[in-house]
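Undergrad: Handing you a structure now.
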Protein chains: 2
Amino acid sequence: MPKIVDHDARRLEIVHATWRLIAEKGFRATTMREIARASGVANGGLFPYFRNKEELIGATFEHVFAATNERFAAVRADLEGMAALRELMLQIFPLDQERILEARIVIPFWEYAANEPDLLALHERTMDQWRVEIGSHLADAKRLGEIRDDVDIPVVVDHFMAMLDGVQVIAVVAPASAAADRLTRLLDGYLDLLR
Amino acid sequence: MPKIVDHDARRLEIVHATWRLIAEKGFRATTMREIARASGVANGGLFPYFRNKEELIGATFEHVFAATNERFAAVRADLEGMAALRELMLQIFPLDQERILEARIVIPFWEYAANEPDLLALHERTMDQWRVEIGSHLADAKRLGEIRDDVDIPVVVDHFMAMLDGVQVIAVVAPASAAADRLTRLLDGYLDLLR
């Protein structure tokens, strides 16, 4: 058992040490050799932890997902309904340099996931978690009278999921449209449509 | 002059012959050798047309963008306002196998564009075209009284652009959420929020 814990902890350390390098340089252009060097591992020393780039991008995506959820947990306090939903979105949206780097991880992850069933399953698992969370805040918002009674919650969850993915793309490949205040207006403008 | 035309025509032929191969197999896994073979060119014969995968993914993205616009031109007829906007979205949304393959081109294109200024500029140019078109249909819709007077058009254009990118992602990496009728409900549910 301790061995497994050590192994997982070491994997996580490697991801912590290298995800910014990957994001800045681009996943395609970053070599396993550079990742080994940045995480202080000898050449070939990555292999017990990540056999290939597919495994590395999966673990890096998990790291970004967990980091977002930790940010949300830290600011959520006793928010509910629309306030909780808005705060969750603000933590996922690429509103600062750190989160733009996170978005730069997500795009190559999608490309790998398109062709790797394990990564596709990981993507599904994580997105389902957000889907449920968004739906539950919307149900609270409806109960609290913060949104109109005729709002179709499953459809609105689909809007949020599409916009979440879309703003990651925009932050990376349409940076002129992705100033933080503009993305915040995008979010608040959508929330207004539900009231 | 004829030489340039031939050159461009040959590039286009290569893209026509290979984009489905790239989409099905994944851009990363498709080699320049396979693309040469699929387009009936000798090994190394691609080089005068595409020096590297960056140039090829750029040309393939342009092909997908043009194909979408041709589909829209073919069905648009004399539609205007909300009807024109809905039809444009239906042509971009990944609602059938052909368009899901197109979405599979767009994701690796984004990854390359994130790190290649020429591809980023191409992306900007094409998306600006849609941005202007969406804004103009919304302005018509407002003039025709099809949407509320207080709808903030620039913000709504941003919603559409984010959702357009998002549904491409969903079709490729969350196929369970991307049935054609569900994506159509997503679109119609959003349009209803504007009325």
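Undergrad: Treating the point 7 Å from Cα along Cα-beta-carbon as the label, what are the nm separations from residue B:24 to the other copies, to one decimal?
TA: 4.2
Undergrad: Additional query: Roughly how far apart, in whole Å, are the Cα centres of region A:101-154 and region A:1-66?
TA: If you average the Cα positions of each part, the centres end up 25 Å apart.
Undergrad: Among A:89-100, B:103-114, A:175-186, how do they line up by average Cβ neighbours within 10 Å per residue, starting with the highest?
TA: Numbers: A:89-100: 18.2, B:103-114: 24.6, A:175-186: 16.3.
Sorting A:89-100, B:103-114, A:175-186 by mean packing, highest first, produces B:103-114, A:89-100, A:175-186.
Undergrad: In nm, what does the list of distances from residue B:37 to its counterparts in the other copies look like, shortest first, when each label sits 7 Å along Cα to Cβ?
TA: Copy-to-copy label distances at residue B:37, shortest first: 3.5 nm.
Undergrad: Would you tell me the mean number of C-beta atoms belonging to other protein chains that fall within 10 Å of each C-beta in B:152-160, as a whole number? If you can, show how the numbers build up before the last one.
TA: Working: counts 4, 0, 4, 9, 4, 2, 13, 9, 2.
Mean shielding count: 5.
Undergrad: In peptide B:175-185, how many Cβ atoms from other protein chains are near each Cβ within 10 Å, on average? Each step should come with its number before you reach the end.
TA: On the way: counts 3, 4, 8, 2, 0, 0, 0, 3, 2, 0, 4.
Mean number of neighbouring Cβ atoms from other chains: 2.
Undergrad: I'd like to compare B:56-67, A:149-160: which one has the highest average count of other Cβ atoms within 10 Å, and what's the full order after that?
TA: Put in order of decreasing packing, that is B:56-67, A:149-160.
Undergrad: Still on this structure: Which three numbers, in whole Å and largest first, are the semi-axes of the equivalent ellipsoid of the protein assembly as shown derived from its Cα gyration tensor as √(5λ)?
TA: Working through the eigenvalues yields semi-axes of 34, 32, 16 Å.
Undergrad: Using a 7 Å offset from the Cα along the Cα-to-Cβ direction at both residue A:128 and residue B:13, what is the distance between the two label points in nm, to one decimal?
TA: Taking the simple label geometry, residue A:128 and residue B:13 are separated by 4.9 nm.
Undergrad: With each run of n ≥ 4 DSSP H residues scored as -39500 (n - 2.57), what mean residue ellipticity at 222 nm is computed for chain A after dividing by its residue count and rounding to the nearest 500 deg cm²/dmol?
TA: Calculated mean residue ellipticity at 222 nm is -25500 deg cm²/dmol.
Undergrad: Length gain on complete extension for the stretch residue A:118 to residue A:96, per 0.36 nm per residue less the alpha carbon to alpha carbon distance?
TA: 4.9 nm
Undergrad: May I ask you to list the aspartates and glutamates whose Cα is less than 12 Å away from that of residue A:142, ignoring any residue fewer than eight positions away on the same chain?
TA: Straight-line reach from residue A:142, under 12 Å: A:80, A:150, A:152.
Undergrad: Oh, and also: Plugging the Kirkwood radius over Cα pairs into Stokes-Einstein for region B:1-102, at a temperature of 10 °C and a viscosity of 1.306 mPa s, what D comes out in µm²/s?
TA: Working: Rh = 15.1 Å.
The estimated diffusion coefficient comes to 105 µm²/s.
Undergrad: Limiting things to C-alpha atoms, what are the Rg and the maximum Cα-Cα separation (Dmax) for chain B, in angstroms?
TA: 18.4, 60
Undergrad: While we're on this one: For chain B, which DSSP H helices look membrane-span-like by this rule: Cα extent along the axis of 15 Å or more and mean Kyte-Doolittle of at least 1.6?
TA: Values: long enough: B:2-25 (34 Å, -0.42); B:53-76 (34 Å, -0.05); B:81-92 (17 Å, 0.95); B:97-113 (24 Å, 0.06); B:117-143 (38 Å, -0.67); B:153-173 (30 Å, 1.75); B:180-194 (22 Å, 0.18).
Those that clear 15 Å and a mean of 1.6 are B:153-173.
Undergrad: Would you kindly calculate the mean projected area, averaged across all directions, of the convex hull enclosing the Cα atoms of region B:118-195, in square nanometres?
TA: Working: hull surface 23.1 nm².
One quarter of the hull surface, i.e. the mean projection, equals 5.8 nm².
Rule-based calculations on the coordinates, nothing more; no lab input. From a predicted model like this one, the values you see are computed outputs, not experimental measurements. Positions of Cβ are generated from backbone atoms using ideal geometry, with glycine treated the same way; all protein chains shown enter the neighbour counts.
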